[in-house]
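Any read-out appearing in this document is the output of simple, stated calculations on the displayed coordinates, not a laboratory observation. All values derive from a computational prediction rather than experimental measurement. Don't worry about glycine lacking a Cβ; one is built from the backbone with ideal geometry, like all the others, and counts go over all protein chains shown.
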Amino acid sequence: MKEAGEIRYRGRTIIAEDIEFIRGLIAEHPSASRRMLSEELCRAWDWRQQNGELRAMVARGLMLLLQRSGLIELPAVRQVSRNPLVERRKPAPSPFLTWAPLEGALAEIRPLEFRQVRRSGEEGLFGSFLEAYHYLGYTQPVGEHLKYLIYARGTPVACMAWSSAPRHIGCRDRFIGWSSEVRRRNIHLLAYNTRYLILPWAKVPYLASHILSEVARRISRDWEALYRHPVHFLETFVDPERFRGTCYRAANWIRLGITTGRGKNDHTYKANRSLKEVLGYPLSRDFREKLCAP
């Protein structure tokens, strides 16, 4: 069996003793599947997500990496798991899903109703609206995420999607003031606004900025209800070639800077996509203390 030096994987340094431990784990459970071995490894290392669930998929990824490097030998694959994210069909645009125009002053349609529709019967409607009316269409979020449908007088007026934040954004990280180590540990405490759509029949002045303010008051509570941890900072990207981000600025979001245009997996250090403005919104005055806490 091949020997190895240190291996960095998902923020953990894997040393020779760790690899010997995994070899021993495989030897002790000769009839175990790869899934069972990954779960045993998570329990042994107390490798868990923020909500307490085992990081079994991460552990399987590590074990596959070690096998491909010739450092361990896993049992044969017993079952090919289906990937629902790959197989998932895009929602139909449903162009016939339209409502009568909703017009008037904001005060006349308040209070708005905010429905978190992930894992609900309205999730399909949410996706159809984005596919039909958002210029980027609908993309299934990966990782932790929330989906809001906002109603006024029983009429849907907006869709808003939130997901886990990108791992590294230079201007954001400098604004928060955290180190690389603290960022890796606390990145789950940020939420990223991936889609925001005011539906075309909603013609109410100041509606967009009002929704942003209302979501900021509730999103941490909703996130904690689903994932067992709060969020302390919100962020989004704005394409300056298309938009000015007026509703975000009206809701007191802060311009943090601009992206490098390289993407998260770039190794060329050259821009390969359009530059985006980065906007952020702290959910409390002591957000830096919370995000930089050990």
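Structure summary
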read-out: Distance in nm between pseudo-label sites at Ser284 and Leu64 (7 Å out along the Cβ direction from Cα); value: 3.8
read-out: Debye, to nearest 20: dipole size of the stretch 99-291, +1 on Lys, Arg Cβ, -1 on Asp, Glu Cβ; value: 540
read-out: Most mobile of Ala191, Ala56, Ala165 in a GNM of the chain (Cα contacts under 10 Å); value: Ala56
read-out: Relative exposure of Val58, Val215, judged by other C-beta atoms within 10 Å (fewest first); value: Val58, Val215
read-out: Net charge contributed by nearby residues that have their C-beta within less than 12 Å of Leu37 (K/R +1, D/E -1); value: +2
read-out: Listed residues Thr155, Val238, Ala32: farthest to the positive end of the dipole of the chain (Cβ charges); value: Val238
read-out: At R0 = 41 Å, FRET efficiency that the Cβ-Cβ distance of Arg228 and Trp201 yields, to 0.05; value: 0.65
read-out: Per-selection Rg to Rh, the stretch 7-68 - Cα, Kirkwood hydrodynamic radius; value: 0.93
read-out: Per-peptide average of other Cβ atoms within 10 Å, ordering 30-38, 275-283 highest first; value: 275-283, 30-38
read-out: Local net charge near Val182, Cβ-Cβ under 12 Å (Lys/Arg +1, Asp/Glu -1); value: +2
read-out: Per-selection Kirkwood Rh - the chain (Cα, Å, 1 d.p.); value: 21.9
read-out: Two-site FRET efficiency, Ile254 against Glu108, from Cβ-Cβ distance with R₀ of 25 Å, rounded to 0.05; value: 0.25
read-out: Spatial separation of Cα centroids for the stretch 143-157 and the stretch 180-194, in angstrom; value: 24
read-out: Inter-probe distance in nm under a simple model that places probes 7 Å from Cα toward Cβ, at Val77 and Arg167; value: 2.4
read-out: Using alpha-carbon coordinates, inclination of helix 56-68 to the longest axis of the chain, degrees; value: 50
read-out: Highest-MSF residue in the chain out of Gln67, Gln116, Gln140 [GNM, Cα springs under 10 Å]; value: Gln67
read-out: Cut-off 17 Å, label 7 Å out along Cα→Cβ of Ala100, residues of the stretch 145-163 by amide N; value: 152-157
read-out: Charge sum, other residues only, whose C-beta stays under 10 Å from Arg10's C-beta, Lys/Arg counted +1 and Asp/Glu -1; value: +4
read-out: Estimated translational D of the stretch 135-294 in µm²/s (Stokes, Kirkwood radius over Cα pairs; 25 °C; 0.890 mPa s); value: 148
